[in-house]
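> Submitted below is the structure of interest, expressed as structure tokens.
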């Protein structure tokens, strides 16, 4: 897999690959289009993910997910902080977003 140096570069490439939706993490689902679509843990898959650390501040950490839903025919991205700044989510969503090597 290609190694990206910046979050914005990665986002731009994913958009070119068709990941055009911007997902927002809610406690028990992902939302896009101002809540028009809600994807629960069984409704989506994580196609790729990328981890970034702030160059000037290691606590500026984020994960970029490339997400797709065959059921809703959506592809998009989710940017989420990790570590102490991560958002509160249900156990089911936490398990789904867990990075597996």
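> Would you mind getting me the FRET efficiency between residue 33 and residue 73? Use the beta-carbon distance for r and R0 = 22 Å, nearest 0.05.
That gives a FRET efficiency of 0.95.
> Sticking with this structure for a sec: Rg and Dmax in Å for the stretch 1-49, alpha carbons only: what are they?
Just the Cα atoms of the stretch 1-49 yield Rg and Dmax of 12.4, 33 Å.
> Still on this structure, I have one more. What Kirkwood Rh does the stretch 7-86 have if only Cα atoms enter the pairwise 1/r average? Answer in Å.
The Cα-based Kirkwood calculation yields 13.1 Å.
> Same structure, new question: How long is the gain from residue 8 to residue 81 if the chain were fully straight, where each residue apart is worth 0.36 nm and the alpha carbon distance is subtracted? Mind dumping the intermediate values first?
On the way: separation 73, 0.36 × 73 = 26.28 nm, distance 1.49 nm.
The span from residue 8 to residue 81 would gain 24.8 nm if fully extended.
> Suppose R0 equals 22 Å. What FRET efficiency, 1/(1 + (r/R0)^6) with r the Cβ-Cβ distance, do residue 94 and residue 47 give to the nearest 0.05? Don't jump to the answer; show the numbers that get you there.
Details: r = 19 Å, r/R0 = 0.85.
The calculated FRET efficiency here is 0.70.
Any read-out appearing in this document is the output of simple, stated calculations on the displayed coordinates, not a laboratory observation. Here the structure is a predicted model, which means the values were calculated and not measured. Positions of Cβ are generated from backbone atoms using ideal geometry, with glycine treated the same way; all protein chains shown enter the neighbour counts.
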